[in-house]
Amino acid sequence: MSDLRKQSSALQEKAGISPPEITNKTAINQIKKNRQQQPTSEELIAAILDGNRTALSRAITLAESTNPAHFEKAGAIIQGCLPHANKSIRIGITGVPGVGKSTFIEVFGKHLTQLGKKVAVLAVDPSSSLSHGSILGDKTRMEELVKDENAFIRPSASGETLGGVARKTRETIILCEAAGFDTILIETVGVGQSETAVHSMVDFFLLLKISGAGDELQGIKRGIMEMADAIVINKADGDNIKKSNLAKVEFNRALHLFPKRESSWEPKVTTCSAVTKTGISEIWELISSYFDLTKQSGYFEQKRKDQNHFWMLETINDQLKTNFYNNPEVILALEENKKAVQNNEISSFAAAQSLLQLYFKK
């Protein structure tokens, strides 16, 4: 009986197909050759202008690279794309961790693509101060938007950049605009005085808040509040609707304490729920009214010009810092001065002055 059961059982292991012992060497060599081939700057520019997302991603990787060998090629690509840029609107979105930035951006982005917009999301993830790694999980959070043919999501690590803005976000904006994206959404790491970095590269700055997270006045800080063009209280759903409306009143009162803006725009406070998708269309109407006002007055163009000047100076500072720390003589002298400073043999200021003199005398 036991022999019969063994023969009739469906749980029988069958022999699989053995892998070939010899791999096609021609195929291996072709794969290696394809990996070694890199498109030229001209080829990438042409592909970006044609809306090729693979080319766009490659160009962004080059722009973000800290490898000196990539600087010249990245610069040529950005310069080639520049005449085709500056035709979008740039919106910065910030808020404390847990406020629902990614969820809000996905719902907001889907609303914009349904209106016929082409949306690029530049999501900046925090880098670990210990391992220097970053999760880059925004594509996972934005499951629906990432599948939208009119949306492009690019997560980047913040690195050591103050304010949670990737060092090359400015260049990435130009590349995305050249690829045909007319609405750029920049998500930052969190809230703080250092958020001036993202404020200096966008046209509209949106601050996300939540109610019921402690004293509402705790969120009213001059630095971030003065920069915000709109405050949106997210998660205004269910039992939280009443608290959200109370928070709206508090923030409206606070905004009246600030001086009038050069743009003549009065910051607005509104509520929404990214989960129930309520209040999203009203936010876009609010942002659209801001652009109508600032473009008619000429403030929009003037702000763009001022930002270009600001980022020229920032790039100079950044390049000087990179060149300084990559200078072979400075690297050797830096280690010697480090030990001297630690042993109190020389002051920090004197050591810094000595290193700078060594660098600039070249």
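Miscellaneous remarks
- Filtering region 268-318 to residues that are more than 27 Å from ILE233 (Cβ to Cβ) and acidic (Asp, Glu) leaves GLU301, ASP306, GLU314, ASP318.
- From the options LYS268, LYS243, LYS260, LYS248, residue that is free of Cβ contacts under 8 Å to residues at least 12 places away in the same chain and at negative phi: LYS260
- Given (1) crowded, with 24+ Cβ neighbours inside 10 Å; (2) modelled with pLDDT of 80 or more, index of the condition ALA230 fails: (1)
- The residue list VAL119, VAL107, VAL99 contains one member that is within 28 Å of LEU206 (Cβ to Cβ), surrounded by 13 or more Cβ atoms within 10 Å (Cβ to Cβ) and modelled with pLDDT under 90, which is VAL99.
- Region 233-262, subset outside any helix (DSSP H, G or I) and modelled with pLDDT of 90 or more, residue surrounded by the most Cβ atoms within 10 Å (Cβ to Cβ): ILE233
A quick yes/no check of all residues on (1) of a type in the set (S, T, N, Q); (2) in the same structural domain as CYS272 (by TED's automatic domain parsing); (3) touching a residue at least 12 places away in the same chain (Cβ under 8 Å); (4) under 24 Å from GLY180 (Cβ atoms):
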position: GLU64; (1), (2), (3), (4): no, no, yes, yes
position: GLU72; (1), (2), (3), (4): no, no, no, no
position: GLN79; (1), (2), (3), (4): yes, no, no, yes
position: GLY92; (1), (2), (3), (4): no, yes, yes, yes
position: GLY100; (1), (2), (3), (4): no, yes, yes, no
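- Among the residues of region 198-225, those identified as part of a helix (DSSP H, G or I) and either modelled with pLDDT of 80 or more or of a type in the set (Val, Ile, Thr) (or both) are VAL198, HIS199, ILE224.
- Among the residues of region 74-95, those that are out of contact with any strand residue (DSSP E or B) (no Cβ under 8 Å at 6 or more places or on another chain) and surrounded by 18 or more Cβ atoms within 10 Å (Cβ to Cβ) comprise ALA74, ILE77, ILE78, GLY80, CYS81.
- In a residue-by-residue description of region 275-283, the property of being surrounded by 15 or more Cβ atoms within 10 Å (Cβ to Cβ), in a helix (DSSP H, G or I) and over 24 Å from the mean Cα position of the chain (by Cα) applies to no position.
The values are calculated or read from the model by the stated rules, or taken from the named source; none is laboratory data. Every value quoted in this text rests on a predicted model; they were computed, and no experiment measured them. Quick reminder, even Gly has a Cβ in these numbers, built from the backbone with ideal geometry, and neighbours come from all protein chains shown.
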